[in-house]
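We did not get these values from a lab; they are worked out from the coordinates using the rules stated. From a predicted model like this one, the values you see are computed outputs, not experimental measurements. Cβ: placed from backbone, ideal geometry, glycine included. Neighbour counts: every protein chain shown.
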Amino acid sequence: MTTLLTAGTLLLAGPACTLAQTTDPNLGNEESPFVRLIRPDRPGQTITTNMLYPGQFQLETGLTRYDGGSSTGYAGRTAWGSTLRVGFFNHIELRATQNYLLTPATRPLTAEGAPAPFAGPAGFAPLNVGAKLLASTVQNARSQVVVLFDMNLRNGDASFQNKQFEPGARLLVSQQLGQRFGLEGNLGFRQQGFKAEGTKQGQYLTTLALNGPISANNHLGFFAETYATWQRQQGWRPGLTSGLFFRPTPGLRLDVTAAHGLTPAAGGFNVGAGLSMRLGK
């Protein structure tokens, strides 16, 4: 027992001495490309741990076409989604997301040969509002933990039926790889209403995403993500998302993406394109 304790002490003492002699890995990290260049919450299912500083604004908008077999988003429809993020004090970021569901361009014909009236939901979907809260000690550190609380409201176009408050929460984690790449993951849950039975229709979400530049000047980069949703009635529905982005300036990014389910239940091919812009220092 004495030999084992001695050996364990020596094994722990080595790394401890090494860490004591090195500088704080977070020191000056705010100037690394991974932090300094814009990191939007789009595309894909993953929401980044990046938080805006007080006085900063960020607009993220894009168009997504969902296949009829999609398990995420609006199956068989095209939606325009926009998110406004605002940096607040005390390591808080406020946010609002608004989706607009387009009416299908092609509709079935009536017996008279005219396009049939469209009865599905269209127009503005219920607004989603939320806030990011920093859970780790240093903002934009190499390793970061953030908590997101959000809620779908009951507003929106009257064609959206059975509207109710849908609270949700996510744990966001990230690990910076070198100076330019990052691995980020989400673990979240959303339920219908505030009653206990609403959890039975609730949905879990887990994601893991890798992103970073593929050019020396950091202008051109990639995004790769694996995700899975789970609901009691539907089971697991995994999928993949990948895409490319272009950053002409540190605060501006354009992206194109594609996603596909990995099982028949999670089938569906989705494509999208968007723009993200950050204002303020």
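Below is a table of values for the structure above.
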item	result
Per-region count, the range 153-209, residues among the basic types (Lys, Arg), in contact (Cβ under 8 Å) with a residue 40 or more places away in the chain and within 22 Å of Ala131 (Cα to Cα)	1
The range 42-97: number of residues that are among the acidic types (Asp, Glu) and touching an Asp or Glu at 6+ places or on another chain (Cβ under 9 Å)	1
Residues located in the range 173-216, provided they are over 16 Å from Thr229 (Cα atoms), part of a loop (DSSP other than H, G, I, E, B) and of a type outside the set (D, E, K, R)	Gly178, Gln179, Gly193, Phe194, Ile214, Ser215, Ala216
Test: residue in the range 232-239 that is within 26 Å of Val86 (Cβ to Cβ) and among the polar types (S, T, N, Q)	no
Test: Glu225 is acidic (Asp, Glu) and loosely packed, with under 14 Cβ neighbours inside 10 Å	no
Filter result (in a loop (DSSP other than H, G, I, E, B) and β-branched (Val, Ile, Thr)) within the range 130-150	Thr137, Val138
Members of the range 40-59 found to be touching a residue at least 40 places away in the same chain (Cβ under 8 Å), within 20 Å of Lys281 (Cβ to Cβ) and not polar (S, T, N, Q), listed by number	Pro40, Met51, Leu52, Tyr53, Gly55, Phe57, Leu59
Checking Ala216 against (1) free of Cβ contacts under 8 Å to residues at least 12 places away in the same chain; (2) crowded, with 16+ Cβ neighbours inside 10 Å; (3) hydrophobic (A, V, I, L, M, F, W, C), the condition it does not meet	(2)
Residues located in the range 141-199, provided they are among the basic types (Lys, Arg), more than 17 Å from Thr48 (Cβ to Cβ) and surrounded by 15 or more Cβ atoms within 10 Å (Cβ to Cβ)	Lys163, Arg190
Residues of the range 219-247 classified as free of Cβ contacts under 8 Å to residues at least 40 places away in the same chain and closer than 15 Å to Ala266 by Cα, total	10
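Residue by residue, here is whether (1) over 16 Å from the mean Cα position of the chain (by Cα); (2) among the polar types (S, T, N, Q) holds:
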| position | (1), (2) |
| --- | --- |
| Ser242 | no, yes |
| Phe246 | yes, no |
| Pro250 | yes, no |
| Arg253 | no, no |
| Ala259 | no, no |
| Leu262 | yes, no |
| Gly267 | yes, no |
| Ala273 | no, no |
